[in-house]
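Read the structure below first, then the notes.
The values are calculated or read from the model by the stated rules, or taken from the named source; none is laboratory data. Bear in mind that the values here come from a model prediction, so they are computed numbers and not experimental data. Cβ placement follows ideal geometry from the backbone for every residue including glycine, while neighbour counts extend to all protein chains displayed. Accessible surface is based on the protein model in full, side chains and every heavy atom, while ligands, DNA and RNA are left aside. Shrake-Rupley method; radii C 1.70, N 1.55, O 1.52, S 1.80 Å.
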Amino acid sequence: MFNTPILTNSPHGVMLMPLLPNALASVLPTAFDADQRYSVDLHMHSTASDGALSPTDLVTLCAGRGLTHMALTDHDTMEGVEEASRAAQQAGLCLVPGCELSTRWQGINIHVVALMPGGLQGPMIEGLEQQREARIKRAEVIAERLEKMGLPNALEKARAQAGSDRPLGRPDFARALVAEGVVADWAGAFKRYLGSGKKGDVKAHWPEISEAVGWVVASGGVAVLAHPLRYGLTRRKRGLLMDTFMEAGGQGVELVSGQQNPDATRDLARQLVERELYASLGSDFHFPGSHAAPGSMSPVPRTAAPPIWQHPRLAHLRDAPSGMLGAKPLNKLS
Ligand code: AMP
Ligand code: MN
Ligand code: MN
Ligand code: MN
């Protein structure tokens, strides 16, 4: 049912150059053709969550790197989207509103990127409110545990690191642990206290993956399974995760997230094709100087999995390189 895209790299990052079969051409903008190239990054963070750059500075950086399409996908919030969309309008690139939802599956913390072409609307409004409350409660539990392990006043210290009143995340606690000299560096903080399976990896507050995917799909969005190679799953278990995700209505998977082993990527592509899932990609950019700059990901292999681009809910954005949502204003958080 899918046409075959050609995905290649360029100095600016990864280009998606879908070749459109006649069957699809009718639903896609006529200006789009194989000669027109797009440079895309659909997974990035700003100061609205644990990123270092303000939404405006992030958009400016992306524009400077030649991106034509970007998604802002902060953890469990779309608070940065309005600012980013204004900056995108100025910079002349297409901003896809989004977020990255924290969820649970079989006791594992799984992330789902929500691409929300209509902005924050529908059940996602309530869903993100629930995530906000969950994050606040979770921070209290993380703080209690870290206090027992030798970091007094952990909540206040993490708050000071956050530098704003946004709900706290594990990176804020990681910085506090480093600042207090409990660990030597950020990596050590995750390895000993906050990473998968450690005391500070508190997951109980997150919804089941199916519930979160349900919010996205019912709100006009496209749900994308984030960085599937980063959960330490066997191939078989990763397949089961994808099956659950699809049964809940999930539509895409990040085929490439930041830097990946090429063999693992090709193998992952086969799992997408088997399930007729769309392929997404993103740097998971958090801060300048890290290994993945906006738009700079590992190469995307040739694959029969269609780019997420071609999903009917996103196809109209392809030729909207300025601003984002056309006429439709973003619904603000209540
Ligand atoms: P949270 O959303 O509070 O669960 O924090 C998750 C974030 O912490 C991720 O998005 C990364 O930015 C960071 N993170 C998680 N695990 C690690 C790790 N092992 N090493 C470094 N950073 C990590
Ligand atoms: Mn993060
Ligand atoms: Mn993630
Ligand atoms: Mn992320």
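Observations, loosely collected:
- THR60 accessible area, 1.4 Å probe, all protein chains in place, Å² to nearest 10: 90
- Cβ crowding within 10 Å averaged over residues, with 258-268, 303-313 ranked highest first: 303-313, 258-268
- In this view, the solvent-accessible surface of PHE190, computed with a 1.4 Å probe and all protein chains in place, comes to about 50 Å².
- Formal net charge of residues neighbouring PRO55 (Cβ-Cβ distance under 10 Å; K, R +1; D, E -1): -4
- Rounded Å value of the spacing that divides the Cα centres of segment 182-249 and segment 101-128: 11
- Rounded to the nearest Hz, the phi-derived 3J(HN,Hα) couplings of segment 290-296 under the Karplus curve 6.51 cos²θ - 1.76 cosθ + 1.60 (θ = phi - 60°) are 6, 5, 10, 7, x, x, 10, where x marks glycine and proline.
- Cut-off 13 Å between beta-carbons: net charge of the residues surrounding ARG166, Lys and Arg +1, Asp and Glu -1: -3
- For segment 220-290, the square roots of the Cα gyration tensor eigenvalues, ordered a ≥ b ≥ c, give a/c of at least 1.5 with a/b no greater than b/c, which places it in the oblate category.
- Positive minus negative residues near VAL217 (Lys, Arg vs Asp, Glu; Cβ under 15 Å): -3
- Solvent-accessible surface (1.4 Å probe) assigned to GLU276 amounts to roughly 90 Å².
- Label point distance in nm, LYS203-PHE287, each placed 7 Å from Cα along Cα→Cβ: 2.6
- Pairwise FRET efficiency - ASN153 versus ASP267, Cβ, R0 = 51 Å, nearest 0.05: 0.65
- Modelled spin labels at ASP185 and GLN90, positioned 7 Å past Cα toward Cβ, are 3.5 nm from each other.
- By accessible area with a 1.4 Å probe, ligands and nucleic acids excluded, highest first: order of HIS69, HIS291, HIS205: HIS291, HIS205, HIS69
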